[in-house]
Amino acid sequence: MQDRLENGLVIRVTGGDVWVRVGSHVLVCSLRGRLRVKKDALQVVAGDRVVALRDPGGSGVTLETVLPRASHLSRWVERGGGARAIVANVERLFVVTSLVDPPLRPVFVDRMLAAAEWGHAPLAVVLNKTDLASPAEVDEISAVYRACGYVVVPTCAQSGAGIEALEALLGEGVYAFVGESGVGKSSLLNRLDPEVVRVTREVAERTGRGRHTTSSSELFPFRRGFLADTPGMQTFGFPGRDPTELAACFPDIAAHEGDCRFNPCTHSHEPGCAIKAAVEGGTLAASRHGSYLAILEEIRTHAKEQSW
Ligand SMILES: Nc1nc2c(ncn2[C@@H]2O[C@H](COP(=O)(O)OP(=O)(O)OP(=O)(O)O)[C@@H](O)[C@H]2O)c(=O)[nH]1
Ligand SMILES: [Mg+2]
Ligand SMILES: [Zn+2]
């Protein structure tokens, strides 16, 4: 008889192998035929909860089902890629950015935040490398994201400043760090738990994939829960394709819902738009409205391409 392993936790996916934690054991599972067939159906990511079957005789373990996700972060991949998940079932997603080296790219940060909102993932913003920015810059950017209702944690992975505040947000379940390459996600993990980066470095060296750059999402046990490191990204397409869903993914814009003269209002060209008035009146950051418009444009362009 097959041994059924309920509620496994996917800690890593490499090629065709899915690393699943069941209790204190880690099993390397292969994907069942059915889950392999369609490329989309193969969407198994770190944080997924799964059911696995141990083959009779104990020769191997196959993945049977991926359970529905409570939350996820996904991005849109062009050329038939669709919405591709990066990490699932997070208690909180830490969107990490630096202000300098690499410089802050507000649209990129806002895309990740909006995508996380779309996937129902609770959020926090981490402003790392505070040693390279002025306190005034840190305050200014913190204010933009606090106005969205997000917890903002300024940190310096190098000196350890802000790490305690970050740690205070961690509990049971899965917590993930996401953000552009080089902002310091792995360094923050290393600060929280020095064991973690020792492991990532070994992996990076074994696979010969460049220095310490993270190449796949991976969950590390931390206290009562798990921390996920994810690969840095250079582009981030908004996963949703419905323009009317976008405003709800910007809490600071959604707060003005119903205040515009027209309903629905796309907050782009319409007269009497409450969002434009809020930007002009200085109560809404122009960068946030700009990001919203950039994503709206991207969704519309894509819709036009599809209908040709
Ligand atoms: N000055 C300064 N440098 C930092 C800080 N945090 C990280 N760094 C440096 O930034 C570089 C990139 O850090 P990583 O932790 O590898 O960045 P990452 O976000 O994991 O990058 P990817 O894995 O490529 O996505 C390293 O050289 C770190 O030493 C910080 O707070 N201040
Ligand atoms: Mg990294
Ligand atoms: Zn409007």
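Among the conditions (1) of a type in the set (A, V, I, L, M, F, W, C); (2) surrounded by 23 or more Cβ atoms within 10 Å (Cβ to Cβ); (3) part of a loop (DSSP other than H, G, I, E, B), residue 63 misses just one, which is (3). Would a scan of the stretch 114-123 turn up a residue that is among the aliphatic types (A, V, I, L, M), surrounded by 24 or more Cβ atoms within 10 Å (Cβ to Cβ) and within 26 Å of residue 158 (Cβ to Cβ)? Within the stretch 114-123, not a single residue is among the aliphatic types (A, V, I, L, M), surrounded by 24 or more Cβ atoms within 10 Å (Cβ to Cβ) and within 26 Å of residue 158 (Cβ to Cβ).
Results for (1) polar (S, T, N, Q); (2) in contact with a Leu (Cβ under 7 Å, 6 or more places away or on another chain), shown as yes or no for each residue.
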residue	(1), (2)
234	yes, no
258	no, no
270	no, no
277	no, no
280	no, no
283	yes, no
289	no, no
292	no, yes
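Looking at the stretch 69-174, the helices (runs of 4 or more DSSP H) lying wholly inside it that each contain 2 or more residues that are in contact with a Pro (Cβ under 9 Å, 6 or more places away or on another chain) and not polar (S, T, N, Q) sit at 106-118, 135-146. Annotation: residue 177 fulfils all but one of (1) surrounded by fewer than 16 Cβ atoms within 10 Å (Cβ to Cβ); (2) at pLDDT 90 or above; the unmet one is (1). In the stretch 275-297, the residue that is farthest from residue 115 (Cα to Cα) out of those that are charged (D, E, K, R) and loosely packed, with under 15 Cβ neighbours inside 10 Å is 280.
The listed residues are 59, 71, 98, 134, and the only one of them that is without any contact (Cβ under 8 Å) to a residue 60 or more places away in the chain and closer than 17 Å to residue 177 by Cα turns out to be 71.
The values are calculated or read from the model by the stated rules, or taken from the named source; none is laboratory data. A quick note: this is a predicted structure, and the numbers were derived from the prediction, not measured. In this analysis, Cβ positions are derived from the backbone assuming ideal geometry, glycine residues included, and neighbour counts consider all displayed protein chains.
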